Amino acid sequence: YSHIIGVDDELWDIVEEGVQFQNMDGDSIVSTANRKLFTEDQKKQYKKHHKVMSILTKSISHSEFLKNSNKSSAKFIWDSLCSTYEGNEQVQEAKANL
């Protein structure tokens with residue numbers, strides 16, 4: 001969190017909320033032709049999305065990277081890491097009860 005906020009305070013919003021671009025396919029990928037149609041603001045948001053994905057993938061081990069390499073959005077990667085290390089709601093509740 002601190003590292004991402006330190007790089008750019010808007011990046012954490014992308015991690016928590018995710019991004020949605022026009023004509024994004026099911027794997028959160030935008031074709032080159034559709035990227036060329038982006039407005040300047042959309043281009044900046046797209047670049048920030050990939051910047052935070054880069055930070056996340058560079059911050060995890062190789063084995064974690066392999067588990068998340070098919071995830072094409074920062075939110076998916078973050079949610080996967082949270083699920084792995086914090087557990088789902090049942091696991092968290094069990095930990096709290098202990």
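Here segment 65-90 is the region considered, the condition is being assigned to a loop (DSSP other than H, G, I, E, B) and surrounded by 15 or more Cβ atoms within 10 Å (Cβ to Cβ), and the residue that is modelled with the lowest pLDDT is Lys71.
In segment 13-24, which residues are surrounded by 15 or more Cβ atoms within 10 Å (Cβ to Cβ) and touching a residue at least 40 places away in the same chain (Cβ under 8 Å)? Scanning segment 13-24 gives Ile14, Val15, Gly18, Val19. Within segment 65-82, the only residue that satisfies the criterion of being closer than 15 Å to Tyr46 by Cα and of a type outside the set (Gly, Ala, Ser) is Lys75. Of all residues in segment 25-49, those that are closer than 21 Å to Val7 by Cβ have Cβ atoms under 8 Å from Cβ atoms of residues that are at pLDDT 90 or above and among the aliphatic types (A, V, I, L, M), 6 or more apart or on another chain, in Gln45/Ile14; Lys48/Leu11; Lys48/Ile14; His49/Ile14.
Residues are listed down the side, and each one gets a yes or a no for (1) modelled with pLDDT of 85 or more; (2) of a type in the set (D, E, K, R); (3) in a helix (DSSP H, G or I):
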site	(1), (2), (3)
Ile5	yes, no, yes
Asp13	yes, yes, yes
Glu16	yes, yes, yes
Gln20	no, no, no
Asn23	no, no, no
Gly26	no, no, no
Gln42	yes, no, yes
Gln45	yes, no, yes
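The values are calculated or read from the model by the stated rules, or taken from the named source; none is laboratory data. Values in this document were obtained by computation on a predicted structure and should not be read as measured data. Glycine gets a Cβ as well: all are built from the backbone with ideal geometry, and neighbour counts include every protein chain shown.
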